[in-house]
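Below is one structure, written out as structure tokens, with a few remarks after it.
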Amino acid sequence: MTELENRILAEAQRLLSENLADVVIAFKQADTPLRPQPAFFTDAEAVNDLVYNGLCQNNLANYLTRYPREKKIAMVVRGCESRSVNALVLENQHPRENLYLIGIPCEGIVDWRKIVEAVGEDVLSVQDQADIVVVRTPKGEFTLDRAALMHGSCLRCTQKNPLGTDVTIGKPVAEQDPHLLRERVKNFEALGIQTRYEYFRQESERCIRCYACREACPMCYCEECFVDHTGPRWTESGVTPAGMQGWHIIRAFHQTGRCTSCGACERACPMDIHMTYLTDKLNTDMYDKYQFVAGLDAKTQTPFAAFNLDDKNRFVAGGTSK
Amino acid sequence: MDTAKKIVLFQCQWCLYAPEDQDWVDHHLPENVHLTKVPCTGRLDPLFILNAVQGGADGVMISGCVPEKCHFKEGNLSARRQMDEFSDFLNYVGYDEDRICFTWLDLQDRGRIQKDVAEFSKKVEALGKSHSLNTRSVLPQGGAHD
Amino acid sequence: MTYLLKKSEVNQTLRAWTSKAHVYAPQKVQKYAQFLPVGEDFELSVEEPHNTRFPPKALFLPQSETLLKYNPQKRELESAKTPDQPRIIFGIRPCDAKAVTLLDSVFSSEDNPDPFWQARRDQSVLVGLGCDQPCATCFCTSVESGPFDRSGLDAILTDLGDTYAVEPLTERGVSLFENLTVASAETTQTIQAIQEKATREMPIAFGREGLKAHLDELFENEIWEDFAKSCLGCGICTFLCPTCFCFDIVDEVRKSTRERNWDTCMFKVYSIEASGHNPRPSRRERTRQRLMHKYSYWLDHTGQTGCTGCGRCVRYCPVGLDIRAMVRKSVATPSEVPHVD
Amino acid sequence: MWTNPVNPNPYLPTPMRVLHAYYESTDRSLKTLELAFVNQQDRVRFFEKFNPGQFCQLSVFGKGESPLGVASAAWEGDFVRFTVQKMGLVTKALHQLQPGDSLGLRGPLGNGFPLADWKGKNLVIIGGGCAFSTLYALTKHVQHAQNRADFGELIVIYGARSSGLCMYKHDIQSWYQRDDMQVHQAIDVPEEDWSHHVGYVPDVVKQIAPSPVNSVAIVCGPPIMTKFTLPALVGLGFPPETIFTSLEKRMKCGLGKCGRCNIGSKYICKDGPVFSLAELNALPADI
């Protein structure tokens, strides 16, 4: 157990034994070496299972909406998760006073797919060390450069340190250039409209409509999703271009001003579909147009919840856009 | 008929002040313009636009009331934010934003809708047929309706 | 009789088959392999020691399929055509082929055969590729199958380095591999040794002895709550599963068709009734349904487990839920047999 | 290279036409449709297999299909009757149908009531709400002169929330005149001019206390009614093997393929919808 894990564990035990939390949401080692599992500790004794490392790929804020409002929830949060929590609190999904955030400055999530690419699918164990990741396989042991294994979203992360936590464990880490997200969007926009569509078409074509992206996203908590609505039916239900493209466009658009760029959707996708390039665009626009970044606090309303007489106006005579 | 570019017009039912303008929209729109009336531009869901685009619309036109003259006070203002972003977003995934046109009509804009529709039609004509996001086969003649 | 097929000649063989049938073989899509039609220009991708990510059940039960069309002129419904093209499926792994035979019990049932499934089944020849190096997530030997299970296959290949050993298993299989070199007795022994070694060395993931009865007794147990806690409720495990077959039927008005799409018991909308009542309202019941269907209910229907141990659900679960571990934990949980009144 | 015999498409509905369509309840939530077959061979095929207790998938193209229990007996004529409660997309569309309109039907599906096993027995038919429709079919079947001698006593207990929601009013009214059966109707709360029972079905059953001797009880109703009626019958001494009920579930294919109506090792559409309480007790509590 690492020192960091020990400190999280101690905090979790304290919260549970002092009755400061009904549940501590963190990670435990799963039965497959590449993916630690979200864990829900309600008993100080059971916390020994707790793990924390770069392979913890889920956004734990996702589980917040499963609990009734009066539950006192303690949760391990990294930068993106703390932003998701803020966004959820803003949307009235849980009262902040019933939350206890154990912040962890994040070194970036190790993308298990990149490990698989490097060593093959058979992995016996993984050790996440400071700058390297040691992977044991039946073929032998591999030492990989951690930086090269980072998930795409983490490479562009603008908030590695958690925000508004009740306690922070670990040393703060240096934040990255906040323009990395914009750069990606601008590069994609420069590709030309045909190329952009072709890329979107190919990505959405692989969709199997398992909705893992939806279920992995903390902000997708609607009681009924638009794709499940039957009267009227908004999109085709099958794996048809209309259905798949419609799903990806609207799913992303529903996240406008809400998405915290955590990349959980992309990490959950079984078909390796790139999705964050869509939400990155929306996030960039929200910043450029309204200087808004989702989840920085739990008070500022999202741009779509408000409007201004001075908003950009393309409603002009003769249908001239822009 | 096959070559005429398909335009879907979403019209706020309050935006045309002159009865003859509404009459023109209701009964004399060019054949390639399909009308969908909405109670307010604020009622427009991105899905409306997307369904039009997926159904093969070569252009989408939205006509609404000018700021501060919305029948529902502020519907048009929140629509402006959303629709602006949505057309930016569609452009990002590959649907030319020039194919989406917004027009705000005021009390003195008598007869302007005709001009706007004509101008937009010309522009869409020049842009040609849109292929991106056109993924939903159109209704066969006499086919089942929703 | 066992034959030898040089790996360097595989592409050529597949291409030659295309003159008499549609040939499907695993090919790379992005970073994973998927069964795709063999064309002029194709690259076989069987290098990974395991099966394709998207299950080949889709070759028989496509994820979306038209069942009937509405003819607006005649104002009546017409059946969709059943496929009538002969097909050869090359490189299917034994777990996936066995899964197809399991699904036969559903779709080729005597009382109501599914014509679409039936047509595809009748016209397909399955050339399997045995797994000489099963992966860590595989557990076929734990569920009445094995890395060289012959169920459902017309021929099976064994990897011998630069050659495949071909064992035709049916007449259709024989007809595909004519004019090949016959393997020597010595080679045949080597093949057998490879097959036995692969089978023998696979660890047993869980014991099946009394499993069904035990699971049935655990129906109301809290372990399901435990499993469901981290479950996202997405459809990955069931959509990638080679034996999951549930589907939904919807009318696509704009296309004037009635279609069926894969569906999954993991979704809330799957079981919700018109009245709003949902017999499986939470992830607890849904997770239980998935596992119980495979490890208990299938046994009542076919006498076999409805899982072939392909390991896809284990490999791709975003929260690392492992069905093997779920079964193991169930086994370790003592059942409190309810009193029957 | 290889040929196959093409099976008929079991998902293809047979064309039907609406003969009569009328509201069954004063609040217009229940509508009865009597459907005629467009093709004679379909009619023959249907009645060869039909048995009270079975259901059909009615389909309105563009809306989808909805499983509905058959509410008529074969001897009533060349039509099939359904009573539709307006609930979702399809049932709403079914409510809009007028005489002469066309629609599709797949069926009969499911097992139906095990009439052969019930020969010589007294029947206690207990229904509530719109689920009474299949029991109406059963009663009509038993009432026919050719079938009546096959069974002993016939008791019908039918409850509805209010008198306005009582179905098949005129016909049921005429049953009181019959000497070969007993009818008990009940509504939940008292109403003026209501001369029958008032109260919930389980209580009415306890009050009437039908004898379990050489009897079978058939219960169809909303889940809450069934839940309390089954133990009431057990309390009256009915063994679980003699209590039958019809289950409802979300269904799609109706053929035991789509997996939706699975409970334990059973598919409600194929192995049901009629089960005895003994069979239900053996199923996991997943209903």
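The values are calculated or read from the model by the stated rules, or taken from the named source; none is laboratory data. All values derive from a computational prediction rather than experimental measurement. Don't worry about glycine lacking a Cβ; one is built from the backbone with ideal geometry, like all the others, and counts go over all protein chains shown. Quick note on the areas: whole protein, heavy atoms, side chains included, nothing else; ligands and nucleic acids left out. Shrake-Rupley method; radii C 1.70, N 1.55, O 1.52, S 1.80 Å.
Looking only at the range A:269-280, decide whether some residue is over 25 Å from A:Glu183 (Cβ atoms) and not basic (Lys, Arg).
Within the range A:269-280 (the criterion being over 25 Å from A:Glu183 (Cβ atoms) and not basic (Lys, Arg)), the answer is yes, since at least one residue qualifies.
Condition check: farther than 19 Å from C:Glu225 by Cβ and open to solvent by 10 Å² or more (accessible area, probe 1.4 Å). Does A:Asn59 satisfy that?
no
So D:Glu248 fits all but one of (1) within 22 Å of the chain's Cα centre (by Cα); (2) at pLDDT 90 or above; (3) within 14 Å of chain C (Cβ to nearest Cβ); what number is the exception?
With (1) within 22 Å of the chain's Cα centre (by Cα); (2) at pLDDT 90 or above; (3) within 14 Å of chain C (Cβ to nearest Cβ) applied to D:Glu248, the lone miss is (2).
Return the residues of the range D:13-39 that are part of a loop (DSSP other than H, G, I, E, B) and out of contact with any Gly (no Cβ under 9 Å at 6 or more places or on another chain); say none if nothing qualifies.
Of everything in the range D:13-39, those that are part of a loop (DSSP other than H, G, I, E, B) and out of contact with any Gly (no Cβ under 9 Å at 6 or more places or on another chain) turn out to be D:Glu24, D:Arg28, D:Ser29, D:Val38, D:Asn39.
Looking for something in contact with a strand residue (DSSP E or B) (Cβ under 9 Å, 6 or more places away or on another chain), within 25 Å of B:Pro39 (Cα to Cα) and at pLDDT 90 or above - is there at least one such residue anywhere in the range B:122-139?
Scanning the range B:122-139 turns up no residue that is in contact with a strand residue (DSSP E or B) (Cβ under 9 Å, 6 or more places away or on another chain), within 25 Å of B:Pro39 (Cα to Cα) and at pLDDT 90 or above.
Only one of D:Lys140, D:Lys119 is more than 14 Å from chain C (Cβ to nearest Cβ), farther than 15 Å from C:Ala274 by Cα, surrounded by fewer than 18 Cβ atoms within 10 Å (Cβ to Cβ) and in contact with an Asp or Glu (Cβ under 7 Å, 6 or more places away or on another chain); which?
The match here is D:Lys119.
Results for (1) crowded, with 16+ Cβ neighbours inside 10 Å; (2) away from chain A (no Cβ under 14 Å), shown as yes or no for each residue.
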residue	(1), (2)
C:Pro279	yes, yes
C:Arg283	yes, no
C:Arg290	yes, no
C:Tyr295	yes, yes
C:Gly309	yes, yes
C:Val314	yes, no
C:Arg324	yes, no
C:Arg328	no, no
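I'd like the full set of residues that are closer than 30 Å to D:Ala149 by Cα, touching a strand residue (DSSP E or B) at 6+ places or on another chain (Cβ under 7 Å) and not in a helix (DSSP H, G or I), limited to the range D:171-204.
D:Tyr176, D:Asp180, D:Met181, D:Gln182, D:Val183, D:His184, D:Gln185, D:Ala186, D:His196, D:His197
What number goes with the only condition from (1) in contact with a Phe, Trp or Tyr (Cβ under 8 Å, 6 or more places away or on another chain); (2) within 15 Å of C:Leu232 (Cβ to Cβ) that A:Glu215 does not pass?
Single failed check for A:Glu215: (1).
In the range A:242-259, is there at least one residue being under 30 Å from C:Cys231 (Cβ atoms), basic (Lys, Arg), in contact (Cβ under 8 Å) with a residue 60 or more places away in the chain and surrounded by fewer than 21 Cβ atoms within 10 Å (Cβ to Cβ)?
Among the residues of the range A:242-259, not one is under 30 Å from C:Cys231 (Cβ atoms), basic (Lys, Arg), in contact (Cβ under 8 Å) with a residue 60 or more places away in the chain and surrounded by fewer than 21 Cβ atoms within 10 Å (Cβ to Cβ), which makes the answer no.
Any chance the range D:88-109 includes a residue that's free of Cβ contacts under 8 Å to residues at least 60 places away in the same chain, open to solvent by 20 Å² or more (accessible area, probe 1.4 Å) and outside any loop (DSSP other than H, G, I, E, B)?
yes
If C:Tyr164 satisfies all but one of (1) at the interface with another protein chain (Cβ under 10 Å from one of its Cβ atoms); (2) of a type in the set (Ser, Thr, Tyr); (3) crowded, with 21+ Cβ neighbours inside 10 Å, what's the number of the condition it fails?
(1)
Would you check if there is a residue in the range B:85-100 being of a type in the set (Val, Ile, Thr) and farther than 28 Å from A:Ala252 by Cβ?
Checking the range B:85-100: not a single residue is of a type in the set (Val, Ile, Thr) and farther than 28 Å from A:Ala252 by Cβ.
Pairs needed: first member in the range A:134-154, assigned to a loop (DSSP other than H, G, I, E, B); second member anywhere, not polar (S, T, N, Q); C-beta distance under 6 Å; at least 6 residues apart or different chains.
A:Pro138/A:Asp122; A:His151/A:Ile109; A:His151/A:Asp111; A:His151/A:Gly263
Which pairs do you get when a residue that is among the small types (Gly, Ala, Ser), found in the range C:111-131, comes within reach of a residue that is part of a helix (DSSP H, G or I), reach meaning Cβ atoms under 6 angstrom, with the pair 6+ apart or on two chains?
C:Gly128/C:Pro94; C:Gly128/C:Ala97
So which strands (runs of 3 or more DSSP E) are wholly in the range C:1-119 and hold at least 2 residues that are among the charged types (D, E, K, R) and open to solvent by 20 Å² or more (accessible area, probe 1.4 Å)?
The qualifying strands (runs of 3 or more DSSP E) are C:76-79.
Name the residues in the range A:178-219 that are over 19 Å from the mean Cα position of the chain (by Cα) and more than 30 Å from C:Gly235 (Cα to Cα), would you?
If the condition is that a residue be over 19 Å from the mean Cα position of the chain (by Cα) and more than 30 Å from C:Gly235 (Cα to Cα), then A:Glu183, A:Lys186, A:Asn187, A:Phe188, A:Glu189, A:Ala190, A:Leu191, A:Gly192, A:Ile193, A:Gln194, A:Thr195 are the ones that fit.
Among the residues of the range B:101-122 satisfying the criterion of being within 7 Å of chain A (Cβ to nearest Cβ) and more than 21 Å from B:Lys69 (Cα to Cα), which is most open to solvent (accessible area, probe 1.4 Å)?
Filtering the range B:101-122 for residues that are within 7 Å of chain A (Cβ to nearest Cβ) and more than 21 Å from B:Lys69 (Cα to Cα), the one most open to solvent (accessible area, probe 1.4 Å) comes out as B:Glu119.
Looking at C:Glu76, is it more than 10 Å from every other protein chain (Cβ to nearest Cβ) and farther than 29 Å from C:Thr302 by Cβ?
no
Each row is one residue, and each column tells you yes or no for (1) in a helix (DSSP H, G or I); (2) under 13 Å from C:Arg286 (Cα atoms); (3) open to solvent by less than 20 Å² (accessible area, probe 1.4 Å); (4) more than 12 Å from chain D (Cβ to nearest Cβ).
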position: C:Leu215; (1), (2), (3), (4): yes, no, yes, no
position: C:Phe219; (1), (2), (3), (4): no, yes, yes, no
position: C:Cys234; (1), (2), (3), (4): no, yes, yes, yes
position: C:Thr238; (1), (2), (3), (4): yes, yes, yes, no
position: C:Thr243; (1), (2), (3), (4): no, no, yes, no
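Please state which of the following conditions B:Asn32 fails to meet, knowing it meets all the rest: (1) without any contact (Cβ under 8 Å) to a residue 60 or more places away in the chain; (2) surrounded by fewer than 19 Cβ atoms within 10 Å (Cβ to Cβ).
All conditions are met except number (1).
I'd like to check something: does the range D:73-83 contain any residue that is within 11 Å of chain C (Cβ to nearest Cβ), open to solvent by less than 20 Å² (accessible area, probe 1.4 Å) and not small (Gly, Ala, Ser)?
The answer is no; no qualifying residue exists.
Just give me the residues in the range A:8-54 being part of a strand (DSSP E or B), crowded, with 21+ Cβ neighbours inside 10 Å and not hydrophobic (A, V, I, L, M, F, W, C), in sequence order.
A:Gln37, A:Pro38
When you scan the range C:266-277, how many residues do you find that are at the interface with chain D (Cβ under 10 Å from one of its Cβ atoms) and either open to solvent by 20 Å² or more (accessible area, probe 1.4 Å) or among the aromatic types (Phe, Trp, Tyr) (or both)?
Adding up the residues that qualify gives 8.
Please find, among A:Leu296, A:Leu282, the residue that is in contact (Cβ under 8 Å) with a residue 24 or more places away in the chain, aliphatic (A, V, I, L, M) and open to solvent by less than 30 Å² (accessible area, probe 1.4 Å).
A:Leu282
Looking only at the range A:93-100, decide whether some residue is crowded, with 24+ Cβ neighbours inside 10 Å, touching a residue at least 60 places away in the same chain (Cβ under 8 Å), touching a Ser or Thr at 6+ places or on another chain (Cβ under 8 Å) and more than 14 Å from chain C (Cβ to nearest Cβ).
No: zero hits.
Would you pick out the residues in the range A:188-209 that are touching a residue at least 24 places away in the same chain (Cβ under 8 Å) and of a type in the set (A, V, I, L, M, F, W, C)?
Within the range A:188-209, A:Phe188, A:Phe200, A:Cys207, A:Ile208 meet the criteria.
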